[in-house]
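The values are calculated or read from the model by the stated rules, or taken from the named source; none is laboratory data. Keep in mind that what you see is a predicted model, and the values were worked out from it rather than measured. Here the Cβ is made from the backbone with ideal geometry for all residues, glycine too, and neighbour counts use every protein chain on show.
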Amino acid sequence: MSPTDFAWLVLGFPLLGSLVIALGFRVLPARVAGVIGTTAIALAFASTIGALITLLDQPSDAQQLTDSLWDYASASGLEIRLGILVDPLSVFMCLVVTGVSTLIHLYSVGYMGSDEGYRRFFSYLNFFVFSMLLLVLAGNFIFLIVGWAFVGFASYALISFWYRRHTATKAGMKAFVINVIGDVGMVLAAFFVFRELGTFELLDSFDAARETFSTNQGVVIAICCLLLVGAVAKSAQLPLHTWLPDAMEGPTPVSALIHAATMVTAGVYLIARTFPLFELAPTAADIGAFIGLATLLVAATIALAVVDLKRIIAYSTMSQIGYMVMGVSIGAYAGGLFMLMAHAFFKALLFMAAGSVISAMANNQSIDRMSGFRRALPYTSALLLIGALALAAFPGTSGFFAKDEILGFAANRGGMYWVFAIGGYAGALLTAIYSFRIGFRVVAGEPSDEAREFEQGHMSHGERVDGHPVNPATGEVEDVDVGFPGAEHHVAERSRPMAVAMGALGVLALFGGLIQVPGVDAVLEHFLDPTFESSPLYAIAPSTGDAWLGLAVGGVISAAGIAIAYFFYVARRGSTARLIERLPGLHKFLFHKWYFDELEDALVYRPAIAIGRFASSTFERYVVDGIVAGAAGFVRGAGEVVRGAQSGFVRAYALLLLGGFAALGVYFLVAAS
């Protein structure tokens with residue numbers, strides 16, 4: 001089999017799994033649906049391994065392969081094929097997406113075990129993975145946009161999974177509305193690409209762009225800025241980021257999937273995939289880099305103030321994606337993608353560990369209520385700390401090697417790019433502090449009431465109203481048919497699928513960075529060579545000595561951040577409260593997330609929803625329905641006239657015919673005069 005044959009299987013298995021579960025949901029036992037969904041993604045991962053092996057058998061100059069099933073459209077020079085592009089970049093992305101998604105599916109088998117929507121959940125989850133794979137394997141802009149839109153729809157369905165919750169449906173709508181802004185940017189970019197280059201095919205458009213555009217020509221800057229709109233919306237970068245923390249209303253496995261393996265990494269992939277265009281538009285690339293830098297710093301400051309555990313991790317995702325966007329925008333393609341892989345490992349692990357803790361907390365997500373879980377949940381606590389170490393880029397972890405590769409590249413490029421290195425190290429210090437704000441608050445200290453109850457062998461089920469569970473965040477009574485996440489709460493200590501998935505990610509978070517150690521190996525960089533060999537920036541790399549100096553600086557910063565967190569959250573527990581009393585204005589500003597939510601709600605979300613409601617209640621009712629009703633009345637009246645003329649008498653038809661000819665004659669006589 002060829003690499004493209006395996007790639008079609010990579011797409012086919014998740015789609016088949018989603019359809020089988022969706023069509024058989026009435027007859028499939030719940031556990032069977034979980035097995036089918038997980039197996040489908042595992043088979044996609046195995047197929048990706050097959051694509052990798054067969055691709056490596058090809059010569060390096062023949063590792064960009066295209067294939068199509070059929071021509072989707074062909075007219076007047078426009079050819080759109082249902083085609084895929086298989087090269088090192090797409091195979092790398094498929095490995096990350098299918099590998100991490102398999103573990104998230106396995107975790108979901110245990111975590112969602114008692115949820116009434118179990119079958120629906122796995123059908124949605126499979127479709128989400130299929131959509132992301134379609135996006136990364138697309139061989140042209142049309143199917144890239146199709147995958148892009150499918151990912152947006154799938155995220156809406158999963159964020160709103162518990163659809164009886166007002167907060168969940170609102171979060172899903174917000175994600176959908178903001179992502180549509182990105183979709184518009186993508187569509188306009190594709191239009192300009194076709195207008196200027198005459199093709200939608202990715203490789204053909206890149207070749208044509210080098211011959212057609214000059215550096216920083218207006219049209220190529222416009223194309224790249226429109227692509228950035230798509231990337232910024234999908235990857236939750238400033239200013240289109242507010243949907244991502246709200247997306248925590250979805251089940252925890254959804255949070256892990258969105259943040260680790262799908263969706264938010266799509267923007268990073270898009271910039272890396274279209275690097276020939278961005279290198280022709282360095283102005284647009286620099287804009288992308290500054291957006292990434294701003295996002296990583298702003299999100300890191302917010303993560304120091306919010307108290308919802310999942311939202312802290314969500315803001316850490318925004319910050320870490322900022323590193324990746326900055327990396328691929330300045331030309332550190334291998335570094336940005338290395339960070340994408342490492343982040344997938346430790347971020348999925350952090351969300352899984354958080355889900356286990358939140359279950360033990362009866363779904364209460366406030367870290368102000370959490371403490372002392374080291375004895376109640378020893379396995380979860382250990383893996384939570386491993387995830388925090390990797391996020392903090394502690395020496396030896398995957399995050400340590402990945403983060404420094406981006407910052408070392410920026411410093412080595414010099415000039416203006418020192419700003420990104422210095423800003424990145426400042427962000428690294430903040431990251432280490434908030435990483436262990438999570439770790440120390442959850443694991444250390446005196447056990448909370450829920451931790452004590454779990455130590456005694458009992459699960460806390462939280463507050464109830466008339467015997468019904470309530471949402472701890474809002475107090476609203478839960479609908480048991482779409483519960484949160486069902487009558488039972490599952491933790492890794494008591495669920496083998498959850499424990500296995502978390503354990504595998506823990507190993508990867510610790511040791512996954514060893515594939516790219518300065519002066520020792522550069523596996524990922526060499527693997528990606530055929531994709532980026534035409535880039536003059538790809539060859540820029542710091543010397544081994546400079547790289548290790550950067551790692552040393554990063555290690556010191558990480559240790560300093562952890563020490564600061566230890567001082568505030570362990571040694572001087574309660575000192576943060578006194579700090580808040582001294583700086584109430586700053587705390588309020590950060591706690592309200594720089595007021596971006598209020599601003600974006602006023603300028604984007606609420607106007608879009610208001611326009612939609614107006615279109616539904618007023619425009620559609622009075623204008624559209626009026627036009628339709630008027631047209632129907634006209635057709636009905638005309639029908640009555642025509643029906644009246646159909647008498648069946650030949651003499652009547654002859655009279656009408658003669659009358660018509662007479663009218664034509666009169667018309668021509670008048671016209672001639």
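Below is a table of values for the structure above.
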| item | result |
| --- | --- |
| Complete set of residues in the range 242-257 that are crowded, with 24+ Cβ neighbours inside 10 Å and either of a type in the set (S, T, N, Q) or not assigned by TED's automatic domain parsing to the domain that holds residue 358 (or both) | 252, 255 |
| Qualifying positions in the range 128-165 - free of Cβ contacts under 8 Å to residues at least 24 places away in the same chain and closer than 19 Å to residue 87 by Cβ | 147 |
| Residue in the range 421-441 that is in the same structural domain as residue 165 (by TED's automatic domain parsing) and on the phi > 0 side of the Ramachandran plot present | no |
| The range 396-440 - residue that is surrounded by fewer than 24 Cβ atoms within 10 Å (Cβ to Cβ) and closer than 25 Å to residue 362 by Cβ and, of those, nearest to the chain's Cα centre (by Cα) | 437 |
| Test: residue 75 is out of contact with any His (no Cβ under 8 Å at 6 or more places or on another chain) and at pLDDT below 90 | yes |
| Extreme residue, modelled with the highest pLDDT, among residues of the range 573-602 that are among the charged types (D, E, K, R) and surrounded by 12 or more Cβ atoms within 10 Å (Cβ to Cβ) | 588 |
| Options 557, 540, 515, 564; residue that is among the aliphatic types (A, V, I, L, M), in the same structural domain as residue 388 (by TED's automatic domain parsing) and within 17 Å of residue 439 (Cα to Cα) | 564 |
| Boolean, residue 245 is closer than 23 Å to residue 603 by Cα and of a type outside the set (S, T, N, Q) | yes |
| Residue match in the range 355-365 (condition: under 20 Å from residue 252 (Cα atoms), of a type in the set (Gly, Ala, Ser), surrounded by fewer than 22 Cβ atoms within 10 Å (Cβ to Cβ) and over 24 Å from the mean Cα position of the chain (by Cα)) | yes |
| The range 18-54 - residue that is hydrophobic (A, V, I, L, M, F, W, C) and part of a loop (DSSP other than H, G, I, E, B) and, of those, nearest to residue 130 (Cα to Cα) | 25 |
| Count of the range 299-316 residues which are hydrophobic (A, V, I, L, M, F, W, C) and surrounded by fewer than 23 Cβ atoms within 10 Å (Cβ to Cβ) | 4 |
| Of all residues in the range 444-477 being at pLDDT 75 or above and among the charged types (D, E, K, R), the one that is surrounded by the most Cβ atoms within 10 Å (Cβ to Cβ) | 450 |
| Hey, residue 546 over 17 Å from residue 434 (Cα atoms), at pLDDT 80 or above and surrounded by 10 or more Cβ atoms within 10 Å (Cβ to Cβ) or not | yes |
| Restricting the range 204-234 to residues that are touching a Ser or Thr at 6+ places or on another chain (Cβ under 7 Å) and touching a residue at least 40 places away in the same chain (Cβ under 8 Å), the residue that is nearest to residue 302 (Cα to Cα) | 227 |
| The one condition in (1) surrounded by 18 or more Cβ atoms within 10 Å (Cβ to Cβ); (2) under 26 Å from residue 266 (Cβ atoms) that residue 33 fails to fulfil | (2) |
| Selection within the range 1-54 - at pLDDT 95 or above and aromatic (Phe, Trp, Tyr) | 6, 8, 13, 45 |
| Residue among 295, 283, 317, 301 that is assigned by TED's automatic domain parsing to the domain that holds residue 353, in contact (Cβ under 8 Å) with a residue 40 or more places away in the chain, within 26 Å of residue 162 (Cα to Cα) and not acidic (Asp, Glu) | 317 |
| Tabulated pairs, the range 55-68, first at pLDDT below 90, second charged (D, E, K, R), C-beta under 6 angstrom, 6+ apart or interchain | 68/81 |
| Pick from the range 135-151, criterion surrounded by fewer than 22 Cβ atoms within 10 Å (Cβ to Cβ) and under 18 Å from the mean Cα position of the chain (by Cα), ranking: farthest from residue 236 (Cα to Cα) | 146 |
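Results for (1) more than 25 Å from residue 137 (Cβ to Cβ); (2) in contact with a Lys or Arg (Cβ under 8 Å, 6 or more places away or on another chain), shown as yes or no for each residue.
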position	(1), (2)
265	no, no
277	no, no
283	yes, no
291	yes, no
294	yes, no
299	yes, no
302	yes, yes
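Conditions (1) closer than 14 Å to residue 431 by Cβ; (2) in a helix (DSSP H, G or I); (3) of a type outside the set (Lys, Arg); (4) in contact with a Leu (Cβ under 9 Å, 6 or more places away or on another chain), marked per residue:
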position	(1), (2), (3), (4)
337	no, yes, yes, yes
371	no, no, yes, no
383	no, yes, yes, yes
389	yes, yes, yes, yes
393	yes, no, yes, no
